[in-house]
Structure formats: C-alpha cells, structure tokens
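Working notes, beginning with the structure itself.
Please treat every number below as a calculation from the coordinates, not as lab data. Keep in mind the model is a prediction, meaning the values are calculated, not measured. We place every Cβ from the backbone using ideal geometry, glycine too, and count neighbours over all the protein chains shown.
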Amino acid sequence: MGSAFLKLRLIMMFAPFLAGVMWLGASGGGTHYDKTPAEVRSALQSALVPLHVLGGQVTGSRVTRLDDETMVTSLLDEGENELMRFVTTVSADGEGSRVETIVEAPKGVHAKRAEETMKKQAIAVSLLELVAQEHVASAIEGRPFNMLALNPAANAMVNAMPETTSSVDDSNAATAEWSRLQQQGYGETRDNGWGSPNGDYGGDWGSQD
C-alpha cells in the first residue's frame, strides 16, 4: 500500500486524537441521502466491509434484510461465525432516504457474552460505530472507505491541507482494493443456515478478558 498509506498513518498518529471525543456525544436521527431507499439498500447489499480497520478476526461479512427498512451487515470470522453486526435503518425522507446505523451484539447463544463485553469496552464500541457509519456512508456514496473518518481531528487537519488530499485518496483506494481482494470468494459455499442461533462465535468481541 506504499508511501501514501504511510503518510495517512502519520497524519492519524500526530493529529490530536482527543479532539475526536466530539463524536461521543453525537446526536442520532440518521443522515439524509439524495438516493431512494431502494438505491441505498442496493448499495449496502453489495458493500464489502473494510477489513483493514476491523482487525484480524474479521475475514468477511454477510448482508441480510430483516424487514422493509432494516438491513444487517454481519461481521464474520474465517469459520463464518458472527462476531458483531451493523444494523442499518433505511426510511424514505422526501425524495431521498434517511439512514441510521448502530452496532449490535450478535444474536444467538453468544449474545449475552458479547453484550457484556460491549459494556466493558465502551470506547471500542464507539469506534466501531464510527466504522459502521463510514462503511454505510462510503457504500451509499460509491467511494472507498475513508480511514480518517475514524479521527475527526485528523480529518480536519487534512481538509486544512489540500496538498495531502491526493495521498489520502490514494491510500483509501489502495486499502479498499486490498480489502476487496481479501474477501474474494468468501462464503461462496455458505448454506442458508448462516446466522442461526446455533452458529459459533469467536473473536475479540466475545472474549472473557
């Protein structure tokens, strides 16, 4: 991923990360997009999760539609077990859509353990919520996942330095391509029983530590 990725990492490291607490108090209500609900759902259905920011436990994902307004992007490990889920609500908003995404523990036998872990790791969950929201936004807008969305302070720094924009865009495109290649063919043999309460659960979110 080269020098562009290194430049982006350096920007994220040296930006005052504490300024990122602004998102901890962000209000809900969702985001408006000038796309129909059908267009939004189609974008989410085909979107691949950003493995480069999710850690080594997550190796793929699966998107399911719970009802007319709710879609679930489930993060899966190499054994196709559910680790966590991004739950997105898509509703009509004028001629466009209003979209809201939250992070939930997996359903099934490991739900309680994951819920307890989430209570102990509130900051990590808040970061994962940023990942979920940027994953959805980038899918709808048809662009690569922006890693700087996880650090508002760094994002503001880049916006104030137009000369860095090209490097950031190149890095985001490179990491998105890497993530896509990693997920090629993932889950092609998965049967219709995926996501059942009997599925195994693994990874950092369900650990007892």
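Computed 3J(HN,Hα) for region 30-40, one whole-Hz value per residue from the Karplus formula 6.51 cos²θ - 1.76 cosθ + 1.60 where θ = phi - 60°, is x, 10, 8, 10, 7, 9, 5, x, 5, 5, 5, glycine and proline marked x. Scalar couplings 3J(HN,Hα) for region 82-92, obtained by applying the Karplus form with A = 6.51, B = -1.76, C = 1.60 to θ = phi - 60°, are 6, 9, 6, 9, 9, 10, 10, 9, 10, 10, 5 Hz; x denotes Gly and Pro.
A cut-off of 5 Å between modelled amide H atoms, ignoring neighbours fewer than 5 places along the same chain, links THR31 with VAL99, GLU100. Among the GluC sites (Glu not before Pro) within region 70-105, those in coil by DSSP and having at most 14 neighbouring Cβ atoms inside 10 Å are GLU78, GLU95.
Multiplying the residue separation of ASP68 and GLU95 by 0.36 nm and subtracting their alpha-carbon distance yields 8.0 nm.
The label-point distance for LYS107 and GLN45, in a model that sets each label 7 Å from Cα toward Cβ, rounds to 1.9 nm. Each residue of region 136-151 is assigned a 3J(HN,Hα), and the resulting list reads 5, 4, 5, 5, 5, 7, x, 9, x, 4, 9, 4, 6, 5, 7, 9 Hz, derived from the Karplus form 6.51 cos²θ - 1.76 cosθ + 1.60 (θ = phi - 60°), x at Gly and Pro. Please list, by residue number, everything in region 80-106 whose backbone N is under 20 Å from a paramagnetic label point 7 Å out along Cα→Cβ of ASP34. It comes to 91-100, nothing else. Counting neighbouring beta carbons within 10 Å and listing from fewest to most, the residues HIS135, HIS32, HIS52 come out as HIS32, HIS52, HIS135.
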